[in-house]
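Worksheet for the structure shown next.
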Amino acid sequence: MTELRLPRLPDRAHVKRTVSFPPEIDAKLRDYAAVYEAAYGQSEPVEELIPYMLERFLDADPSFKKARRTLRAADPSPATAPAKPKKPVAANTSPKETSHGDNR
């Protein structure tokens, strides 16, 4: 089995973004998808692989990680802070009984 830097993809939900690639990069991405299928026996569209490839790239860049920590320390605004998971509201709880204090 071929050893790829990208492991088999997990179950996932998506945020949609639109990007354009030069033909050379598109060809490499299609080839990567073919190698991925040969390695894992499962076909994945390029669009499904790209987010995980970018994540691996960003996680492997120590300069980016250091600069990101500095950025987040300097500006802990919601735009740069990681999203906090929302607490689920119990099925038998009305909106007035939630911890929000308002009727959202």
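Tabulated data for the structure shown
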{"read-out": "Residue that is touching a Ser or Thr at 6+ places or on another chain (Cβ under 7 Å) and either surrounded by 10 or more Cβ atoms within 10 Å (Cβ to Cβ) or without any contact (Cβ under 8 Å) to a residue 60 or more places away in the chain (or both), where the choices are V35, V15, V19, V46", "value": "V35"}
{"read-out": "Filter result (among the small types (G, A, S), more than 16 Å from Y52 (Cβ to Cβ) and in a loop (DSSP other than H, G, I, E, B)) within the stretch 1-30", "value": "S20"}
{"read-out": "Cβ pairs under 8 Å, 6+ apart, first in the stretch 52-75 and over 25 Å from P7 (Cα atoms) and at pLDDT 95 or above, second surrounded by 11 or more Cβ atoms within 10 Å (Cβ to Cβ) and of a type in the set (A, V, I, L, M)", "value": "none"}
{"read-out": "Boolean, P23 is modelled with pLDDT of 95 or more and farther than 23 Å from T2 by Cα", "value": "yes"}
{"read-out": "Unique residue being modelled with pLDDT under 95 and surrounded by 10 or more Cβ atoms within 10 Å (Cβ to Cβ) when the list is L29, L9", "value": "L9"}
{"read-out": "Selected residue (only one of A73, A38, A33, A67 is touching a Pro at 6+ places or on another chain (Cβ under 9 Å) and assigned to a helix (DSSP H, G or I))", "value": "A33"}
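The values are calculated or read from the model by the stated rules, or taken from the named source; none is laboratory data. As the structure is a computational prediction, the values presented were derived from the model and not from experiment. In this analysis, Cβ positions are derived from the backbone assuming ideal geometry, glycine residues included, and neighbour counts consider all displayed protein chains.
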